[in-house]
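Engineer: Pasting a structure here, questions to come.
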Amino acid sequence: VQLQASGGGLVQAGDSLRLSCAASGRPFSNYAMGWFRQAPGKEREFVGAMSWSGTSSNYATSVKGRFTISRDNTKNTVYLQMNSLKPGDTAKYYCAARGKAGDYSSESAYDYWGQGTLVTVSS
């Protein structure tokens, strides 16, 4: 699976942004999807994940209530809607695909990764 993330940019605190991750190469609906982020000088961290069917999702405590994952299996795309953005959300955001059962919050559970898209939130 090839993953291409897009939609990042420079926004102000309180703004919204929607990231997209387009998949190609293998049946997208076979994979659970996750979003991770890495801030400058920090380790990559889990943001959220969605099941292959889109019926269940999980989020990191830091983004719960502000971020929402959705997917459109007909378009082979997963989205990350980010609302009420804070300067602390500044990071490079990565989408990832998981083809087997595992800890959805763990990087090691994911088989494929996109290249990342940069989100910068100014105060």
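The values are calculated or read from the model by the stated rules, or taken from the named source; none is laboratory data. Being a predicted model, the structure only gives us computed values, none of them experimental. Cβ atoms come from the backbone with ideal geometry, glycine included; neighbour counts cover every protein chain shown. The accessibility values were calculated without ligands, DNA or RNA, using every heavy atom of the protein model including side chains. Shrake-Rupley method; radii C 1.70, N 1.55, O 1.52, S 1.80 Å.
Engineer: Would you please give the residues with an amide H less than 5 Å from that of Tyr112, counting only those at least 5 places away or on a separate chain, with H modeled from the backbone geometry?
Structural biologist: Those lying under 5 Å, H to H, from Tyr112 are Ala97.
Engineer: Whose amide H sits under 5 Å from the amide H of Gly8, counting only residues 5 or more places off or on another chain, with H placed in the peptide plane?
Structural biologist: The answer is Leu118.
Engineer: Quick one: order Phe46, Phe67 from most to least accessible surface, probe 1.4 Å.
Structural biologist: Descending accessible area places them as Phe46, Phe67.
Engineer: Which cross-chain or sequence-distant (5 or more) residues have an amide H under 5 Å from the amide H of Phe67, H modelled 1.01 Å from N in plane?
Structural biologist: It is Asn83, by chain and number.
Engineer: Another one. When the Karplus curve 6.51 cos²θ - 1.76 cosθ + 1.60 is applied with θ = phi - 60°, which whole-Hz ³J(HN,Hα) does each residue of segment 58-72 get, with x for Gly and Pro?
Structural biologist: 9, 9, 5, 4, 5, 10, 4, x, 10, 10, 9, 9, 9, 9, 10
Engineer: At 1.4 Å probe radius, can you tell me the per residue accessible area of the chain in Å²?
Structural biologist: Dividing the accessible area of the chain by its residue count gives 50 Å².
Engineer: Hey, another quick one. Would you work out the charge dipole size for segment 34-123 about its Cα centre, treating the Cβ of every Lys and Arg as +1 and the Cβ of every Asp and Glu as -1, and quote it to the nearest 20 debye?
Structural biologist: The calculated dipole for segment 34-123 is roughly 160 debye.
Engineer: For a distance above 15 Å, tell me the whole-number percent of Cα pairs in segment 1-73 that qualify.
Structural biologist: When every Cα pair of segment 1-73 is considered, 62 percent fall beyond 15 Å.
Engineer: Evaluate the relative contact order of the chain (contact order divided by residue number), counting alpha-carbon pairs under 8 angstrom at least 6 apart; express in whole percent.
Structural biologist: Details: 306 pairs, mean separation 43.9, N = 123.
Averaging sequence separation for qualifying contacts and normalising by length gives 36 percent for the chain.
Engineer: Further, regarding this structure: If I build a Gaussian network model for the chain, linking alpha-carbon pairs within less than 10 angstrom, which residue out of Thr61, Thr74, Thr90 has the largest mean-square fluctuation?
Structural biologist: Thr74
Engineer: Whole-Hz Karplus ³J(HN,Hα) for segment 93-104, in order, using 6.51 cos²θ - 1.76 cosθ + 1.60 and θ = phi - 60°, x for Gly and Pro?
Structural biologist: 9, 10, 9, 8, 10, 10, x, 9, 5, x, 6, 5
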